[in-house]
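The values are calculated or read from the model by the stated rules, or taken from the named source; none is laboratory data. This structure is a prediction, so every number in the text was calculated from the model and none was measured. For neighbour counting, all protein chains shown are included, and Cβ atoms are generated from backbone atoms with ideal geometry for every residue, glycine included. Just the protein is used for accessible areas: all its heavy atoms, side chains included, with ligands, DNA and RNA removed. Shrake-Rupley method; radii C 1.70, N 1.55, O 1.52, S 1.80 Å.
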Amino acid sequence: MPLLPIILTICCGIAVALQGQFMGAMSERMGTLEAVFVTYVSGGIIISLVLAFMRGGNLQAWRNVPSYMLITGILGLIIVGTISYVVPRLGLVTGFTILLVSQFTLAALIDHFGLFGATVRPLDPMKISGMGVTLFGLWLLVR
């Protein structure tokens, strides 16, 4: 397995945990919708600057993307808003464990059936066992 994707994924996991904690704290201090707004505006400014630096990238290609994929912004709002709301109420570990278990479950189904253009990666006994251990861990956390 290549090392760079693993390192990047670890960095992403760290960023997600930090974002969750910061957004939860912002949600408590200023409200969930306001925390989501601040998150998206600051991210929008940064990506706008990156695209400007890259001379616009390839934004014209959006026309070639299946229409259902264009809801990613809405899905992002749901993710960010839910994290902002849940973290102060359940805690970072419990909130993220529930999020990850549901995420893993859907990801396994998407991989197994090749949904939405994904490469088919069938479930095998090892993956199913891993998901069972994850579900058991979730049960231990929330009971």
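With of a type in the set (S, T, Y), free of Cβ contacts under 8 Å to residues at least 24 places away in the same chain and within 30 Å of F136 (Cβ to Cβ) as the only criterion, which of S48, S42, S67, S102 stands out?
Values: S48 fails: within 30 Å of F136 (Cβ to Cβ); S42 fails: within 30 Å of F136 (Cβ to Cβ); S67 fails: within 30 Å of F136 (Cβ to Cβ).
Just one listed residue meets the conditions, S102.
Could you grab me the full set of residues in segment 57-77 that are under 18 Å from L33 (Cβ atoms) and either in contact with a His (Cβ under 9 Å, 6 or more places away or on another chain) or open to solvent by 90 Å² or more (accessible area, probe 1.4 Å) (or both)?
First, the residues of segment 57-77 that are under 18 Å from L33 (Cβ atoms): 73-77.
I74, the sole residue that qualifies.
Which is of a type in the set (V, I, T), modelled with pLDDT of 95 or more and open to solvent by 70 Å² or more (accessible area, probe 1.4 Å), of V120, V142?
On the way: V142 fails: modelled with pLDDT of 95 or more.
Being of a type in the set (V, I, T), modelled with pLDDT of 95 or more and open to solvent by 70 Å² or more (accessible area, probe 1.4 Å) holds for just one of V120, V142, which is V120.
Starting from residues that are within 17 Å of the chain's Cα centre (by Cα) and open to solvent by 90 Å² or more (accessible area, probe 1.4 Å), keep the ones in segment 10-36 and report whichever is nearest to G73 (Cα to Cα). Step through it out loud before you land on a result.
Restricting attention to segment 10-36, the residues satisfying the condition of being within 17 Å of the chain's Cα centre (by Cα) are 10-24, 35-36.
Within this subset, residues satisfying the condition of being open to solvent by 90 Å² or more (accessible area, probe 1.4 Å) are 10, 14, 22.
Details: I10: 24, I14: 22, F22: 20 Å.
This residue is F22.
Looking only at segment 94-117, filter to residues that are open to solvent by 50 Å² or more (accessible area, probe 1.4 Å) and of a type in the set (F, W, Y); which one of those is modelled with the highest pLDDT?
F113
Does M54 satisfy the condition of being over 13 Å from the mean Cα position of the chain (by Cα), more than 30 Å from V133 (Cα to Cα), of a type outside the set (D, E, K, R) and open to solvent by 90 Å² or more (accessible area, probe 1.4 Å)?
On the way: over 13 Å from the mean Cα position of the chain (by Cα): yes; more than 30 Å from V133 (Cα to Cα): yes; of a type outside the set (D, E, K, R): yes; open to solvent by 90 Å² or more (accessible area, probe 1.4 Å): yes.
When the stated conditions are applied, M54 passes them.
Based on what the data block shows, is V80 buried (at least 16 other Cβ atoms within 10 Å of the Cβ) and in contact (Cβ under 8 Å) with a residue 40 or more places away in the chain? Lay out the reasoning, then the answer.
Numbers: buried (at least 16 other Cβ atoms within 10 Å of the Cβ): yes; in contact (Cβ under 8 Å) with a residue 40 or more places away in the chain: yes.
The answer is yes for V80.
Can you run down the residue pairs with Cβ atoms below 8 Å, 6 or more apart or on separate chains, where the first is in segment 109-128 and basic (K, R) and the partner is part of a helix (DSSP H, G or I)?
R121/D111; R121/H112; K127/A108
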